[in-house]
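Take a look at the structure set out below.
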Amino acid sequence: MTTELIRQAAADLACSGYAIALTGAGISTESGIPDFRGPSGLWTKNPAEERKAYERYEKFLTDPGGYWEDRLNAPTPLGDLGKMKPNQGHEALAELERMGIVKTVITQNIDNLHQRAGSRHVLDFHGNAFRLRCASCGRRYELPEFDLEGLRRDRRLPPLCGACGGIVKLDVVHFREPIPADVIEQSLTETEKCDVMLVCGTSAVVYPFASLPETVREQAANSRGKVIIEINAEPTPLTQRRISDYLIQGKTGQILPAIVAEIRRMESPAL
């Protein structure tokens, strides 16, 4: 059955005019990055850390200097993301982009692994751990553009935006923090344009990200033919509510490369 579905996915993608991919924690866990709410998730094992996560944005709003002190003093619970490597799932999506099939990846993940795998058109829906963002004007900076340790040493935290003088925070979107308006707008534009959506490694329970497949399904119901392909280890609400057209059950690092190989086989001239 899985082989048949891989062939179907390859055919749908090969015939698409504008395919996009949505990715969640499931693709990153295959690179060794822990998730948050799974059986061995960071917050499952350490509920106190989850409570802190819910307080982080309020801390930024009320005490931005203290927010930065906390961030510089405490290592991220995800570990050293700079040492993590893209896996075959990330690489397959980058290859689908090079083939001209996948136009954009919209990811919940903050780990920058899609970019490191070679994907050029990536929307970091929940931000990127390797960037900073001005809370006032929205300008983004790469981490090396600020000497954060120097600012802490000189007691000049928080960092300030060079464009507007606003306070700069991590680009990561914290709980109770709005998704940046430009990311929402671009994500909705990509969703509107797509005719095939790959949903890879996400539980589809975190909103507003989970609303993107729902939007595509609503458009398809209005005689705007669209296909949603789900690649997940287990069924999700997208499966149960029949929002996805079909589920290919398995690891993204195995299914996505198999789809790429099938597309290449389809496109190869017969011997």
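Quick one: order His121, His126 by neighbouring beta-carbon count within 10 Å, fewest to most.
The fewest-first ordering by Cβ neighbours comes to His121, His126.
Just the ratio, please: alpha-carbon radius of gyration of region 130-271 over 2.2 N^0.38 Å, N its number of residues.
Values: Rg = 20.7 Å, N = 142, 2.2 N^0.38 = 14.5 Å.
After normalising by residue count via 2.2 N^0.38 Å, the value is 1.43.
Straight-line reach from Lys52: which lysines have Cα under 22 Å away, leaving out those fewer than 8 places along the same chain?
Lys169
Read phi for every residue in region 118-124 and hand back ³J(HN,Hα) as whole Hz from Karplus 6.51 cos²θ - 1.76 cosθ + 1.60, θ = phi - 60°, with x for Gly and Pro.
x, 5, 9, 10, 10, 9, 8
Using 20 Å as the cut-off for backbone N distance, which residues of region 108-146 belong to the label zone defined by a point 7 Å from the Cα of Phe175 along Cα→Cβ?
108-111, 125-129
From Cα coordinates alone, what are the radius of gyration and Dmax values for the chain in angstrom?
My reading of the Cα-based Rg and Dmax gives 19.7, 70 Å.
Relative to the longest principal axis of the C-alpha atoms of the chain, give the angle of the C-alpha long axis of helix 211-221, reported between 0 and 90° and rounded to the nearest 10°.
30
Which three semi-axes in whole Å describe the equivalent ellipsoid of region 201-271, each the square root of 5 times a Cα gyration tensor eigenvalue, listed largest first?
Taking √(5λ) for each eigenvalue gives 26, 17, 9 Å, largest first.
Using the reciprocal of the averaged 1/r over all distinct C-alpha pairs, how large is the Kirkwood radius of region 1-146 in Å?
17.4
Quick one: helix 252-267 against the long Cα principal axis of the chain, what's the angle to the nearest 10°, folded into 0 to 90?
Roughly 40 degrees between the two axes.
By the 4.7 Å beta carbon criterion, which cysteine residues of the chain come out unpaired?
Here Cys15, Cys194, Cys200 come out as lacking a disulfide-compatible partner, given the Cβ-Cβ threshold of under 4.7 Å.
If one takes the longest principal axis of the Cα atoms in the chain, at what angle in degrees, from 0 to 90 and to the nearest 10, does the Cα axis of helix 47-62 lie?
Approximately 60 degrees, to the nearest 10.
With r defined as the distance between the Cβ atoms of Lys193 and Arg98 and R0 fixed at 25 Å, what FRET efficiency is calculated, to the nearest 0.05?
Here the calculated transfer efficiency is 0.80.
Determine the equivalent ellipsoid of region 87-154 by diagonalising the alpha-carbon gyration tensor, then write out the semi-axes as square roots of 5 times the eigenvalues, largest first, rounded to whole Å.
After diagonalising the Cα gyration tensor, the semi-axes are 29, 13, 9 Å.
Take Glu69 and Arg139, extend 7 Å from each Cα along the Cα→Cβ direction, and tell me the distance between the two endpoints in nm.
2.7
Under Stokes-Einstein, with the Kirkwood radius over Cα pairs standing in for Rh, what whole-number D in µm²/s applies to region 69-185 at 20 °C and 1.002 mPa s?
Taking Rh from Cα pairs, D becomes 137 µm²/s.
Where a number appears in this text, it was derived from the coordinates with a stated rule and is not lab data. These numbers come from a predicted model, not from an experiment. So basically every Cβ, Gly included, is an ideal-geometry build from the backbone, and we count neighbours across all protein chains shown.
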